[in-house]
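The values are calculated or read from the model by the stated rules, or taken from the named source; none is laboratory data. Model, not experiment: these values are computed from the prediction. Quick reminder, even Gly has a Cβ in these numbers, built from the backbone with ideal geometry, and neighbours come from all protein chains shown.
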């Protein structure tokens, strides 16, 4: 089987799954690249190269897994975020492009700070903590997660991206482990999907990604309702809360932030409010 034949086989195989038809060629190409352990340019330059028997066996196994609905990131074991490579396992949420808006919002508000103390709540794979460590070399970052398995993945990602020495890792339910500390920013991509929305999710998300990282409770706001008052407790006056939110949650989140200042919502590429930003009131007396 040549490279060209293998790719066409993959397109046809994955195309039998209605949910994968639109991305069957891209997925087949990516899985072939992973099976052959080569760069895209190398693959395109050798369309008539014959696959070795072991390469063909591995590729067919990848196709079977993908056709069953398994996320491609769980097959390849990685995902790019903020231009950086990250390990991904079933213990962590697969990084999404929307979360990069959170990184942009945090950089905008913290860039001028000489040494911001940042806490990443529910760090998961560590993408937020690692990306901010790269973008803000002066920052001191603490990353928290209730899942010890997720923390292990996050630490490996920090090591992979050469920022491990600049991030502290703690096992914690939201901010419980650092309530006696103070920070200049609380950042988080917390669970925000309601139980009512579970059935509407794609099987790829619902059946393969960790429920702990997806579902907040009956309304989808339960985690934010706990996180906002905790953030107010640990933030220094003038500090920032920057969190990802779900579809159509911005009005409810705005009510939770009624006592904060500089409230703003950053839209995603579809124009949907995706990131909520709010500043803790400066308690310095006005003269």
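Here are a few things to note about the model shown:
- Looking across the range 224-246, the residues that are within 15 Å of residue 113 (Cβ to Cβ) and surrounded by fewer than 19 Cβ atoms within 10 Å (Cβ to Cβ) come down to 236, 237, 238.
- Note on the range 267-282: residues that are in contact with a strand residue (DSSP E or B) (Cβ under 8 Å, 6 or more places away or on another chain) and either in a strand (DSSP E or B) or on the phi > 0 side of the Ramachandran plot (or both) amount to 8.
- Residue 243 vs. criteria assigned to a strand (DSSP E or B), at pLDDT 95 or above, closer than 18 Å to residue 183 by Cβ and touching a helix residue (DSSP H, G or I) at 6+ places or on another chain (Cβ under 8 Å): yes
- For the range 192-223, the candidate set comprises residues that are touching a strand residue (DSSP E or B) at 6+ places or on another chain (Cβ under 7 Å) and crowded, with 19+ Cβ neighbours inside 10 Å; within that set, the residue that is farthest from residue 251 (Cα to Cα) is 215.
- Residues of the range 80-95 classified as within 19 Å of residue 37 (Cα to Cα), part of a strand (DSSP E or B) and in contact (Cβ under 8 Å) with a residue 24 or more places away in the chain, total: 4
- Per the conditions (1) over 24 Å from residue 190 (Cβ atoms); (2) loosely packed, with under 14 Cβ neighbours inside 10 Å, the sole criterion not satisfied by residue 80 is (1).
- Test for residue 112: is it at pLDDT below 95 and in the same structural domain as residue 212 (by TED's automatic domain parsing): yes
- Scanning the range 10-46 for residues that are surrounded by fewer than 18 Cβ atoms within 10 Å (Cβ to Cβ), more than 14 Å from residue 75 (Cα to Cα) and under 27 Å from the mean Cα position of the chain (by Cα) yields 17, 18, 19, 21, 22, 23, 25, 26, 38, 39, 40.
- Strands (runs of 3 or more DSSP E) (entirely within the range 98-185) containing at least 2 residues that are more than 24 Å from residue 265 (Cβ to Cβ): 140-145, 167-171
- Search result, residues across the range 51-70 that are buried (at least 19 other Cβ atoms within 10 Å of the Cβ) and under 23 Å from residue 205 (Cβ atoms): 62, 63, 66
For every residue, the table says whether it meets (1) farther than 24 Å from residue 73 by Cα; (2) at pLDDT below 95; (3) out of contact with any helix residue (DSSP H, G or I) (no Cβ under 9 Å at 6 or more places or on another chain).
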{"site": "126", "(1), (2), (3)": "no, no, no"}
{"site": "153", "(1), (2), (3)": "no, no, yes"}
{"site": "164", "(1), (2), (3)": "no, no, no"}
{"site": "178", "(1), (2), (3)": "yes, no, no"}
